[in-house]
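The values are calculated or read from the model by the stated rules, or taken from the named source; none is laboratory data. Owing to the predicted nature of the structure, the values given are computational and were not obtained by experimental measurement. Glycine also receives a Cβ, built like all others from the backbone with ideal geometry; neighbour counts cover every protein chain displayed.
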Amino acid sequence: MILDFGTARMRATTVAIADPGPLERFLPESGPGSAFIRRGDGVVALGEVARFETDRLDAADVWWDEISNQIDHDSELPGEFGTGPLALGSFIFDPDRSMERSVLTVPQVIIGRRGDLAWMTRLGDARRGTALPSPGEPTRRPGHITQMGGSLRRGEWERIVAEVVTLIRSGEVDKVVLARDLHLKADGPLDLRHIYGRLLETYPMTWAYLIDGLVGATPELLLRRQGGLVTSRVLAGTVWQDGSGAVDPLALAAELARSEKDMSEHAFAVRSVADALAPYCRAMNVPDSPSVLRLPNVMHLATDVTGVVEPGATSLALAAALHPSAAVCGTPTHLAMDIIAEVETIDRGRYAGPVGWVDMDGDGEWAIALRGGQVRPESPESIQLFAGAGIVADSTPSVEVQETAAKFVPMLQALGVAPS
Ligand SMILES: C=C(O[C@H]1C=CC=C(C(=O)O)[C@@H]1O)C(=O)O
């Protein structure tokens with residue numbers, strides 16, 4: 001479905017503003033509002049002048065190119081990364097099999113910040129001037145929440161992991177990332193702004209996203225394209241504290257860095273990103289060995305792949321090339337995708353798909369929608385959380401269940417629910 005402003009040209013104005021305070025406070029309780037924030041920097045987007053519901057990143061790329069060509073933009077900050085009209089989007093993991101839809105939306109008002117720079121962009125309606133919108137109503141914490149369990153019981157999911165390990169050991173496939181879900185139900189509609197605010201407080205080092213009922217805080221950046229440079233933060237390979245929290249973090253990091261199983265899981269993910277980026281880059285840097293990224297709930301092996309990108313490839317085109325990486329799908333990609341569709345039994349929807357924004361120059365940031373959940377308009381009191389784990393030849397099903405449990409922690413904490 002396409003709703004756009006037809007053949008009429010649209011005016012947009014960007015002005016520098018004084019520090020607007022926490023961006024998330026502008027999110028409205030109802031009506032369109034999206035956000036993409038990390039360490040206080042990012043954008044909050046209000047209202048909607050155009051929307052494209054497609055399943056394909058490359059179709060979204062073409063649509064945004066057409067729409068952005070219809071915008072006449074006056075800016076006090078020309079050329080500043082991330083300022084001006086944007087499209088914010090969230091894409092389905094497997095568009096061939098999902099019942100859900102991807103979304104790309106062009107907001108009416110954007111309030112943004114990067115370091116000392118803050119700005120507001122308004123599309124259309126120049127009469128509204130440069131006054132900031134009023135902050136949204138206070139957020140509501142959820143009332144009582146009931147944990148309804150997952151679509152599969154833990155034991156059933158372990159059996160699927162075991163089956164996939166057997167496939168991998170037989171040489172049919174190298175790596176498959178398997179996910180499971182958890183359903184929770186509150187006694188009234190959930191206020192996603194509250195969940196989002198909690199994630200920003202507790203996980204400031206992640207990319208926190210909120211778009212069309214999908215909310216989460218992901219540590220994994222599919223790509224940032226800024227001018228001629230592209231960066232991808234590849235994560236795969238995980239350790240976590242047991243319930244006692246007694247293990248020295250340095251010892252835990254060392255255990256991860258020494259783990260052959262995690263190193264092999266990570267290597268597949270890095271290779272998939274490097275191979276997908278190579279045709280778009282004049283030069284690339286792929287570090288030989290990963291570092292360890294420490295988050296409050298888990299630690300990951302992390303590699304930042306960088307490249308000098310050929311002119312013309314927008315951030316959406318690059319996201320189309322990179323998705324799905326072996327951090328969320330597997331190796332070889334198509335075989336892993338088929339196995340996921342066959343054995344996982346859940347519709348991932350937009351979980352593990354690209355989430356982020358693109359500007360009028362094609363620059364942008366696309367994270368991978370992990371550590372999050374989905375609220376659907378027809379049941380605003382219910383949320384479905386997702387978490388996955390990379391399965392390789394040495395995986396142990398019961399340990400992979402624990403890993404997914406550790407990955408549910410940010411969302412459970414944000415909902416005020418004790419992890420089980
Ligand atoms: C698939 C997820 O995590 C990915 C990202 C980091 C580490 C991962 C791992 O160690 O399995 C996964 O590849 C998820 O959080 O749902």
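Across the stretch 373-394, the qualifying residues are those that are under 20 Å from the mean Cα position of the chain (by Cα) and within 11 Å of the ligand (Cβ to nearest atom), and the one among them that is nearest to ASP187 (Cα to Cα) is LEU385. Checked against the criterion of being within 16 Å of the ligand (Cβ to nearest atom) and polar (S, T, N, Q), the stretch 298-314 has at least one qualifying residue. Listed conditions (1) within 25 Å of the chain's Cα centre (by Cα); (2) of a type outside the set (Ser, Thr, Tyr); (3) within 14 Å of the ligand (Cβ to nearest atom) are all met by LEU152, apart from (3). Going through the stretch 86-111 one residue at a time, which ones are surrounded by fewer than 24 Cβ atoms within 10 Å (Cβ to Cβ) and assigned to a loop (DSSP other than H, G, I, E, B)? ASP94, PRO95, ASP96, ARG97, SER98, MET99, GLU100, ARG101, GLN108 - these are the residues of the stretch 86-111 that are surrounded by fewer than 24 Cβ atoms within 10 Å (Cβ to Cβ) and assigned to a loop (DSSP other than H, G, I, E, B). All conditions in (1) surrounded by fewer than 17 Cβ atoms within 10 Å (Cβ to Cβ); (2) farther than 29 Å from GLU100 by Cβ hold for HIS73, with the sole exception of (1).
Of the residues making up the stretch 260-283, those that are exposed (fewer than 15 other Cβ atoms within 10 Å of the Cβ) and within 16 Å of the ligand (Cβ to nearest atom) number 1. Of the strands (runs of 3 or more DSSP E) entirely within the stretch 1-77, those holding at least 2 residues that are among the β-branched types (Val, Ile, Thr) occupy 10-16, 41-46. Residue count for the stretch 76-85 under the criterion of being of a type in the set (Gly, Ala, Ser) and either buried (at least 17 other Cβ atoms within 10 Å of the Cβ) or at pLDDT 95 or above (or both): the result is 2. Here SER232 meets the list (1) within 14 Å of the ligand (Cβ to nearest atom); (2) at pLDDT below 95 almost entirely, failing just condition (2). Screening the candidates ALA208, ALA162 for the property of being modelled with pLDDT of 95 or more, hydrophobic (A, V, I, L, M, F, W, C) and under 25 Å from the mean Cα position of the chain (by Cα) yields one hit, ALA208. Quick check: is even one residue across the stretch 402-409 more than 14 Å from the ligand (Cβ to nearest atom), at pLDDT 95 or above and not in a loop (DSSP other than H, G, I, E, B)? No, the stretch 402-409 contains no residue that is more than 14 Å from the ligand (Cβ to nearest atom), at pLDDT 95 or above and not in a loop (DSSP other than H, G, I, E, B).
Okay, residues lined up against (1) among the charged types (D, E, K, R); (2) at pLDDT below 95; (3) more than 11 Å from the ligand (Cβ to nearest atom):
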site: ASP359; (1), (2), (3): yes, no, yes
site: GLY364; (1), (2), (3): no, no, yes
site: ILE368; (1), (2), (3): no, no, no
site: ARG371; (1), (2), (3): yes, no, no
site: THR396; (1), (2), (3): no, no, yes
site: LEU412; (1), (2), (3): no, no, yes
site: LEU415; (1), (2), (3): no, no, yes
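Can you spot a residue in the stretch 360-371 that is out of contact with any helix residue (DSSP H, G or I) (no Cβ under 8 Å at 6 or more places or on another chain) and part of a strand (DSSP E or B)? Among the residues of the stretch 360-371, at least one is out of contact with any helix residue (DSSP H, G or I) (no Cβ under 8 Å at 6 or more places or on another chain) and part of a strand (DSSP E or B), which makes the answer yes. Restricting attention to the stretch 125-182 and to residues that are in a helix (DSSP H, G or I) and free of Cβ contacts under 8 Å to residues at least 24 places away in the same chain, the residue that is nearest to ILE17 (Cα to Cα) turns out to be ARG128. Residues considered: LEU199, LEU223. Of these, the only one that is of a type outside the set (Gly, Ala, Ser), more than 20 Å from LYS407 (Cβ to Cβ), within 16 Å of the ligand (Cβ to nearest atom) and crowded, with 23+ Cβ neighbours inside 10 Å is LEU223. Inclusion of LEU235 among residues that are in contact (Cβ under 8 Å) with a residue 60 or more places away in the chain and of a type in the set (A, V, I, L, M) is warranted.
Here the condition is being farther than 19 Å from LYS407 by Cα and surrounded by fewer than 23 Cβ atoms within 10 Å (Cβ to Cβ); of ALA302, ALA336, ALA251, ALA246, it holds for ALA251 alone.
Going through the stretch 202-217 one residue at a time, which ones are within 16 Å of the ligand (Cβ to nearest atom) and in a strand (DSSP E or B)? Selection gives TRP207, ALA208, TYR209, LEU214, VAL215, GLY216, ALA217.
One line per residue, one yes/no per condition, for (1) within 27 Å of LEU318 (Cα to Cα); (2) of a type outside the set (A, V, I, L, M); (3) in contact with a Ser or Thr (Cβ under 6 Å, 6 or more places away or on another chain):
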residue: ARG350; (1), (2), (3): yes, yes, yes
residue: PRO354; (1), (2), (3): yes, yes, no
residue: GLY362; (1), (2), (3): yes, yes, yes
residue: GLY388; (1), (2), (3): yes, yes, no
residue: PRO397; (1), (2), (3): no, yes, no
residue: VAL401; (1), (2), (3): no, no, no
residue: ALA405; (1), (2), (3): no, no, no
residue: VAL409; (1), (2), (3): no, no, no
residue: PRO419; (1), (2), (3): no, yes, no
